[in-house]
Amino acid sequence: MDANVMPEPKTLQEAIVYFADPDRAFEFAMRLRWPDGTVVCPRCSTAKNSFIKTRKLWFCYTCKKQFTIKVKTIMEDSPITLDKWMTAFWLLANAKNGISSHELGRSLGVTQTTAWFMLQRIREVMEGRKFGAKNKIGGEGNELEADETFVGGRVQNMHRTKRTKYMLDSRGPGFNKTIVHGILDRDLRQVRAQVVPNVTRETLQNQILKSVKFGSTIYTDAAVAYESGLQRRFIHDVVDKTQAYVRGRVHVNGMENFWSLLKRTLKGTYVAVEPFHLQRYVNEQVFRFNNRATKDNPLDDSDRFVFLMSQVLGHRLTYSDLTGKSESPHHAPTGTRQTPEPF
(Lines give C-alpha, C1' and ligand atoms only; values in the text may rest on other atoms or scores of the structure.)
Protein backbone atom coordinates (compact mmCIF):
# COMPACT_ATOMS: atom_id res chain seq x y z
CA MET A 1 0.00 0.00 0.00
CA ASP A 2 1.20 3.51 -0.83
CA ALA A 3 2.62 5.17 2.27
CA ASN A 4 0.86 8.41 1.30
CA VAL A 5 -2.56 6.74 1.13
CA MET A 6 -4.30 6.74 4.51
CA PRO A 7 -6.68 3.89 5.37
CA GLU A 8 -10.27 4.87 6.04
CA PRO A 9 -10.79 5.91 9.69
CA LYS A 10 -11.99 3.51 12.36
CA THR A 11 -11.87 5.84 15.38
CA LEU A 12 -12.80 9.46 16.03
CA GLN A 13 -9.15 10.54 16.24
CA GLU A 14 -8.41 8.89 12.90
CA ALA A 15 -11.52 10.47 11.37
CA ILE A 16 -10.49 13.98 12.41
CA VAL A 17 -7.04 13.52 10.84
CA TYR A 18 -8.46 11.82 7.74
CA PHE A 19 -11.08 14.46 6.96
CA ALA A 20 -8.81 17.40 7.82
CA ASP A 21 -7.55 17.14 4.23
CA PRO A 22 -10.27 18.87 2.10
CA ASP A 23 -9.44 16.81 -0.98
CA ARG A 24 -9.62 13.54 0.93
CA ALA A 25 -12.96 14.53 2.52
CA PHE A 26 -14.27 15.55 -0.90
CA GLU A 27 -13.27 12.23 -2.49
CA PHE A 28 -14.81 10.29 0.40
CA ALA A 29 -18.12 12.18 0.03
CA MET A 30 -18.08 11.58 -3.72
CA ARG A 31 -17.72 7.82 -3.25
CA LEU A 32 -20.70 7.80 -0.89
CA ARG A 33 -22.93 9.88 -3.13
CA TRP A 34 -21.97 8.32 -6.47
CA PRO A 35 -20.68 4.79 -5.71
CA ASP A 36 -20.42 3.90 -9.41
CA GLY A 37 -18.24 6.96 -10.09
CA THR A 38 -20.74 8.61 -12.45
CA VAL A 39 -21.57 12.14 -11.33
CA VAL A 40 -25.23 12.91 -12.02
CA CYS A 41 -26.83 16.35 -11.85
CA PRO A 42 -29.16 16.43 -8.81
CA ARG A 43 -31.60 18.71 -10.64
CA CYS A 44 -32.09 17.09 -14.04
CA SER A 45 -30.55 13.63 -13.35
CA THR A 46 -28.23 13.72 -16.37
CA ALA A 47 -24.55 12.81 -16.39
CA LYS A 48 -23.45 15.38 -18.96
CA ASN A 49 -21.36 17.82 -16.94
CA SER A 50 -17.89 19.22 -16.44
CA PHE A 51 -15.95 19.54 -13.18
CA ILE A 52 -14.44 22.88 -12.14
CA LYS A 53 -11.54 21.68 -10.02
CA THR A 54 -10.54 25.04 -8.55
CA ARG A 55 -14.00 25.55 -7.08
CA LYS A 56 -14.92 21.88 -6.54
CA LEU A 57 -18.22 22.14 -8.37
CA TRP A 58 -19.79 20.89 -11.58
CA PHE A 59 -21.52 22.61 -14.47
CA CYS A 60 -24.44 20.72 -15.99
CA TYR A 61 -24.71 21.07 -19.77
CA THR A 62 -28.38 20.05 -19.75
CA CYS A 63 -29.94 22.43 -17.23
CA LYS A 64 -27.11 24.99 -17.52
CA LYS A 65 -26.67 25.24 -13.75
CA GLN A 66 -23.81 24.67 -11.35
CA PHE A 67 -24.02 22.23 -8.46
CA THR A 68 -21.81 21.07 -5.62
CA ILE A 69 -21.70 17.80 -3.78
CA LYS A 70 -24.00 19.30 -1.13
CA VAL A 71 -26.93 20.09 -3.44
CA LYS A 72 -30.07 18.06 -2.67
CA THR A 73 -28.56 16.83 0.61
CA ILE A 74 -29.13 17.80 4.23
CA MET A 75 -25.97 19.97 3.99
CA GLU A 76 -27.30 22.12 1.15
CA ASP A 77 -26.75 25.88 1.53
CA SER A 78 -24.41 25.28 4.47
CA PRO A 79 -21.12 27.22 4.59
CA ILE A 80 -19.73 24.67 7.09
CA THR A 81 -16.88 22.70 5.56
CA LEU A 82 -17.08 18.95 4.98
CA ASP A 83 -14.54 18.08 7.67
CA LYS A 84 -16.71 19.69 10.37
CA TRP A 85 -19.86 18.12 9.01
CA MET A 86 -18.26 14.67 8.97
CA THR A 87 -16.97 15.04 12.52
CA ALA A 88 -20.47 16.01 13.65
CA PHE A 89 -21.95 13.00 11.85
CA TRP A 90 -19.39 10.71 13.50
CA LEU A 91 -20.03 12.08 16.99
CA LEU A 92 -23.82 11.92 16.88
CA ALA A 93 -23.89 8.48 15.26
CA ASN A 94 -21.66 6.95 17.93
CA ALA A 95 -22.14 8.95 21.16
CA LYS A 96 -24.29 6.58 23.23
CA ASN A 97 -25.84 9.39 25.26
CA GLY A 98 -25.84 11.98 22.48
CA ILE A 99 -23.88 15.20 22.32
CA SER A 100 -25.11 18.66 23.24
CA SER A 101 -24.94 21.62 20.87
CA HIS A 102 -22.71 23.48 23.34
CA GLU A 103 -20.19 20.64 23.39
CA LEU A 104 -20.26 20.21 19.61
CA GLY A 105 -19.89 23.96 19.09
CA ARG A 106 -16.78 24.06 21.28
CA SER A 107 -15.32 21.00 19.55
CA LEU A 108 -15.84 22.32 16.01
CA GLY A 109 -15.19 26.00 16.69
CA VAL A 110 -18.69 27.15 15.68
CA THR A 111 -21.44 28.91 17.60
CA GLN A 112 -23.93 27.00 19.72
CA THR A 113 -26.76 27.99 17.36
CA THR A 114 -24.86 26.67 14.35
CA ALA A 115 -24.05 23.42 16.17
CA TRP A 116 -27.71 23.00 17.18
CA PHE A 117 -28.83 23.52 13.58
CA MET A 118 -26.27 20.97 12.38
CA LEU A 119 -27.42 18.40 14.93
CA GLN A 120 -31.07 18.87 14.03
CA ARG A 121 -30.27 18.36 10.36
CA ILE A 122 -28.35 15.19 11.14
CA ARG A 123 -31.28 13.94 13.24
CA GLU A 124 -33.49 14.55 10.22
CA VAL A 125 -31.26 12.12 8.31
CA MET A 126 -31.49 9.61 11.15
CA GLU A 127 -35.21 9.21 10.59
CA GLY A 128 -35.77 5.65 9.49
CA ARG A 129 -38.57 4.32 7.36
CA LYS A 130 -41.89 5.80 8.32
CA PHE A 131 -44.87 3.68 9.28
CA GLY A 132 -46.50 2.41 6.13
CA ALA A 133 -47.97 -0.58 4.33
CA LYS A 134 -44.80 -1.14 2.28
CA ASN A 135 -42.42 -1.52 5.20
CA LYS A 136 -44.33 -3.32 7.91
CA ILE A 137 -42.41 -5.39 10.42
CA GLY A 138 -43.23 -8.72 12.02
CA GLY A 139 -45.09 -11.55 10.36
CA GLU A 140 -46.48 -14.94 11.27
CA GLY A 141 -44.39 -16.44 14.06
CA ASN A 142 -42.65 -13.13 14.87
CA GLU A 143 -42.90 -11.68 18.38
CA LEU A 144 -43.22 -7.94 18.92
CA GLU A 145 -43.63 -5.63 21.89
CA ALA A 146 -45.73 -2.46 21.89
CA ASP A 147 -45.56 0.15 24.62
CA GLU A 148 -45.82 3.88 25.21
CA THR A 149 -44.04 6.34 27.48
CA PHE A 150 -44.58 9.88 28.72
CA VAL A 151 -41.83 12.46 28.26
CA GLY A 152 -41.82 15.68 30.21
CA GLY A 153 -40.80 17.43 33.40
CA ARG A 154 -41.50 15.89 36.77
CA VAL A 155 -44.40 17.43 38.64
CA GLN A 156 -42.40 17.56 41.90
CA ASN A 157 -39.79 19.75 40.20
CA MET A 158 -42.30 22.35 39.06
CA HIS A 159 -43.16 25.62 40.77
CA ARG A 160 -45.64 25.23 43.59
CA THR A 161 -48.50 26.88 41.70
CA LYS A 162 -48.02 24.66 38.63
CA ARG A 163 -47.49 21.58 40.75
CA THR A 164 -50.77 22.13 42.59
CA LYS A 165 -52.59 22.78 39.34
CA TYR A 166 -51.36 19.57 37.69
CA MET A 167 -51.90 17.38 40.74
CA LEU A 168 -55.49 18.56 41.12
CA ASP A 169 -56.32 18.30 37.43
CA SER A 170 -58.85 15.56 36.70
CA ARG A 171 -56.86 14.42 33.68
CA GLY A 172 -54.03 13.18 35.89
CA PRO A 173 -50.37 14.23 36.29
CA GLY A 174 -49.36 12.94 32.83
CA PHE A 175 -51.63 15.09 30.70
CA ASN A 176 -49.02 17.82 30.25
CA LYS A 177 -46.41 15.39 28.87
CA THR A 178 -45.58 14.29 25.34
CA ILE A 179 -46.40 10.70 24.45
CA VAL A 180 -44.10 8.42 22.44
CA HIS A 181 -45.30 5.05 21.17
CA GLY A 182 -42.84 2.30 20.26
CA ILE A 183 -42.81 -1.17 18.72
CA LEU A 184 -39.94 -3.64 19.09
CA ASP A 185 -39.45 -6.56 16.71
CA ARG A 186 -37.67 -9.20 18.79
CA ASP A 187 -36.52 -11.16 15.75
CA LEU A 188 -35.07 -8.17 13.87
CA ARG A 189 -34.05 -6.49 17.14
CA GLN A 190 -35.30 -3.24 15.66
CA VAL A 191 -37.41 -0.47 17.19
CA ARG A 192 -39.81 2.00 15.65
CA ALA A 193 -40.97 4.95 17.74
CA GLN A 194 -43.34 7.79 16.99
CA VAL A 195 -44.63 10.80 18.91
CA VAL A 196 -48.42 10.46 19.20
CA PRO A 197 -51.04 13.00 20.30
CA ASN A 198 -52.79 10.82 22.89
CA VAL A 199 -53.16 7.30 24.29
CA THR A 200 -56.65 6.54 23.03
CA ARG A 201 -57.51 3.11 21.67
CA GLU A 202 -57.81 4.46 18.13
CA THR A 203 -54.41 6.17 18.17
CA LEU A 204 -52.32 3.35 19.67
CA GLN A 205 -53.97 0.53 17.76
CA ASN A 206 -53.65 2.45 14.49
CA GLN A 207 -49.91 2.74 15.13
CA ILE A 208 -49.74 -1.03 15.37
CA LEU A 209 -52.05 -1.70 12.42
CA LYS A 210 -50.08 0.45 9.99
CA SER A 211 -46.66 -0.87 10.98
CA VAL A 212 -47.09 -4.58 11.88
CA LYS A 213 -48.00 -7.42 9.53
CA PHE A 214 -51.15 -9.43 10.17
CA GLY A 215 -50.59 -12.67 12.07
CA SER A 216 -47.77 -11.31 14.23
CA THR A 217 -47.64 -11.97 17.96
CA ILE A 218 -48.03 -8.71 19.89
CA TYR A 219 -47.22 -8.33 23.58
CA THR A 220 -48.46 -5.26 25.47
CA ASP A 221 -49.16 -4.20 29.02
CA ALA A 222 -52.67 -4.08 30.44
CA ALA A 223 -53.49 -0.58 29.19
CA VAL A 224 -57.14 -0.19 28.24
CA ALA A 225 -56.15 1.18 24.81
CA TYR A 226 -54.91 -2.25 23.71
CA GLU A 227 -58.16 -4.04 24.55
CA SER A 228 -60.79 -5.04 21.97
CA GLY A 229 -59.43 -4.96 18.45
CA LEU A 230 -55.93 -6.39 18.22
CA GLN A 231 -57.13 -10.00 18.59
CA ARG A 232 -58.85 -9.79 15.20
CA ARG A 233 -55.58 -9.36 13.29
CA PHE A 234 -52.83 -10.48 15.66
CA ILE A 235 -52.04 -12.97 18.38
CA HIS A 236 -52.31 -10.59 21.33
CA ASP A 237 -51.18 -11.35 24.86
CA VAL A 238 -51.01 -9.03 27.87
CA VAL A 239 -48.81 -8.75 30.94
CA ASP A 240 -50.37 -7.01 33.93
CA LYS A 241 -47.55 -5.08 35.59
CA THR A 242 -49.52 -4.84 38.84
CA GLN A 243 -49.16 -8.62 39.10
CA ALA A 244 -45.80 -9.32 37.42
CA TYR A 245 -43.46 -7.76 34.87
CA VAL A 246 -42.73 -11.04 33.08
CA ARG A 247 -44.97 -14.03 32.35
CA GLY A 248 -42.93 -16.47 30.29
CA ARG A 249 -42.32 -14.79 26.94
CA VAL A 250 -45.02 -12.22 27.59
CA HIS A 251 -43.39 -8.93 28.60
CA VAL A 252 -42.45 -5.49 27.25
CA ASN A 253 -39.02 -5.28 28.89
CA GLY A 254 -37.36 -4.74 25.51
CA MET A 255 -39.31 -1.53 24.98
CA GLU A 256 -38.72 -0.52 28.59
CA ASN A 257 -34.99 -0.86 27.91
CA PHE A 258 -35.31 1.45 24.91
CA TRP A 259 -37.29 4.01 26.94
CA SER A 260 -34.55 4.06 29.59
CA LEU A 261 -31.92 4.78 26.92
CA LEU A 262 -34.06 7.55 25.41
CA LYS A 263 -34.77 9.23 28.73
CA ARG A 264 -31.12 9.00 29.76
CA THR A 265 -30.17 11.20 26.80
CA LEU A 266 -33.08 13.59 27.34
CA LYS A 267 -32.46 14.04 31.06
CA GLY A 268 -28.68 13.83 31.11
CA THR A 269 -27.45 15.39 27.85
CA TYR A 270 -30.21 17.49 26.33
CA VAL A 271 -31.97 18.44 29.60
CA ALA A 272 -34.77 20.47 27.96
CA VAL A 273 -36.39 19.44 24.67
CA GLU A 274 -39.43 21.21 23.25
CA PRO A 275 -42.31 18.86 22.32
CA PHE A 276 -42.27 19.95 18.65
CA HIS A 277 -38.60 18.90 18.38
CA LEU A 278 -38.95 15.65 20.32
CA GLN A 279 -39.47 13.39 17.28
CA ARG A 280 -35.98 14.18 15.97
CA TYR A 281 -34.43 13.24 19.32
CA VAL A 282 -36.43 10.01 19.24
CA ASN A 283 -35.13 9.37 15.71
CA GLU A 284 -31.57 9.80 16.99
CA GLN A 285 -32.00 7.18 19.70
CA VAL A 286 -33.81 4.80 17.33
CA PHE A 287 -30.92 5.06 14.85
CA ARG A 288 -28.28 4.18 17.43
CA PHE A 289 -30.41 1.36 18.88
CA ASN A 290 -31.15 -0.20 15.49
CA ASN A 291 -27.51 0.06 14.41
CA ARG A 292 -25.86 -1.13 17.60
CA ALA A 293 -23.24 -3.86 17.53
CA THR A 294 -24.59 -7.37 18.06
CA LYS A 295 -23.20 -10.87 17.75
CA ASP A 296 -24.98 -11.36 14.43
CA ASN A 297 -24.24 -7.84 13.17
CA PRO A 298 -20.88 -6.65 14.56
CA LEU A 299 -21.03 -3.00 13.49
CA ASP A 300 -18.35 -0.53 14.56
CA ASP A 301 -18.22 3.27 14.72
CA SER A 302 -17.03 3.53 11.14
CA ASP A 303 -19.92 1.40 9.86
CA ARG A 304 -22.52 3.58 11.58
CA PHE A 305 -20.87 6.73 10.28
CA VAL A 306 -20.72 5.51 6.68
CA PHE A 307 -24.33 4.32 6.78
CA LEU A 308 -25.54 7.65 8.19
CA MET A 309 -23.53 9.71 5.69
CA SER A 310 -24.94 7.63 2.84
CA GLN A 311 -28.47 8.73 3.81
CA VAL A 312 -27.98 12.51 3.40
CA LEU A 313 -29.36 12.58 -0.14
CA GLY A 314 -32.92 13.81 -0.53
CA HIS A 315 -33.26 15.35 2.93
CA ARG A 316 -33.85 19.06 3.44
CA LEU A 317 -34.35 21.10 6.61
CA THR A 318 -34.11 24.87 6.54
CA TYR A 319 -33.69 27.03 9.62
CA SER A 320 -37.03 28.67 8.87
CA ASP A 321 -38.80 25.31 8.92
CA LEU A 322 -36.91 24.18 12.01
CA THR A 323 -37.84 27.26 14.04
CA GLY A 324 -41.37 27.60 12.68
CA LYS A 325 -40.64 30.85 10.87
CA SER A 326 -41.49 29.47 7.43
CA GLU A 327 -45.15 30.24 8.13
CA SER A 328 -44.50 33.64 9.65
CA PRO A 329 -45.36 36.76 7.58
CA HIS A 330 -42.30 38.47 9.09
CA HIS A 331 -39.75 35.90 7.90
CA ALA A 332 -39.34 34.89 4.29
CA PRO A 333 -38.76 31.12 3.94
CA THR A 334 -35.25 30.01 3.15
CA GLY A 335 -34.83 28.76 -0.40
CA THR A 336 -32.23 26.85 -2.36
CA ARG A 337 -29.84 29.09 -4.24
CA GLN A 338 -29.63 28.57 -7.96
CA THR A 339 -25.84 28.70 -7.84
CA PRO A 340 -24.67 27.02 -4.61
CA GLU A 341 -21.55 28.19 -2.89
CA PRO A 342 -18.68 25.68 -2.97
CA PHE A 343 -17.91 24.09 0.36
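When ligands, DNA and RNA are left out and all protein chains stay put, how many square angstrom of accessible area per residue does the chain have with a 1.4 Å probe?
Spelled out: the 1.4 Å probe surface of the chain, per residue, equals 54 Å².
Under 8 Å for C-alpha pairs, at least 6 residues apart: give me the relative contact order for the chain, rounded to a whole percent.
23 percent
Can you tally the net charge around residue 212? Count Lys and Arg as +1, Asp and Glu as -1, for every other residue whose Cβ sits under 9 Å from the Cβ of residue 212.
Net local charge, residue 212 excluded: +3.
Which GluC sites (Glu not before Pro) in the stretch 224-315 pass both tests, a DSSP loop state and at most 14 other beta-carbon atoms within 10 Å?
227
Please report, in whole Å³, the volume per residue of the convex hull around the C-alpha atoms of the chain.
Spelled out: Cα convex hull of the chain, divided by residues, is 193 Å³.
Using the basic label-point model (7 angstrom from Cα toward the beta carbon), what is the residue 165 to residue 20 distance in nanometres?
About 5.3 nm separates the two model spin labels.
Which value in Å does the Kirkwood hydrodynamic radius of the stretch 187-259 take, with 1/r averaged over all unlike C-alpha pairs and then inverted?
When all Cα pairs of the stretch 187-259 are included, the Kirkwood radius is 13.1 Å.
Once you have the Cα-Cα distance between residue 59 and residue 127, take 0.36 nm times their residue separation minus that, and quote the gain in nm to one decimal.
Gain in length upon complete extension: 21.3 nm.
State the extension gain, in nm to one decimal, for the chain segment bounded by residue 51 and residue 113, taking 0.36 nm per residue of separation less the distance between their alpha-carbons.
19.0 nm
Just how far, in whole angstrom, is the stretch 51-108 from the stretch 203-235 if you go by their alpha carbon centroids?
41 Å
The values are calculated or read from the model by the stated rules, or taken from the named source; none is laboratory data. The structure presented is a predicted model; accordingly, all values stated were derived computationally and were not measured. For neighbour counting, all protein chains shown are included, and Cβ atoms are generated from backbone atoms with ideal geometry for every residue, glycine included. When the accessible area is computed, the model is the full protein with side chains, heavy atoms only, and any ligands, DNA or RNA have been set aside. Shrake-Rupley method; radii C 1.70, N 1.55, O 1.52, S 1.80 Å.
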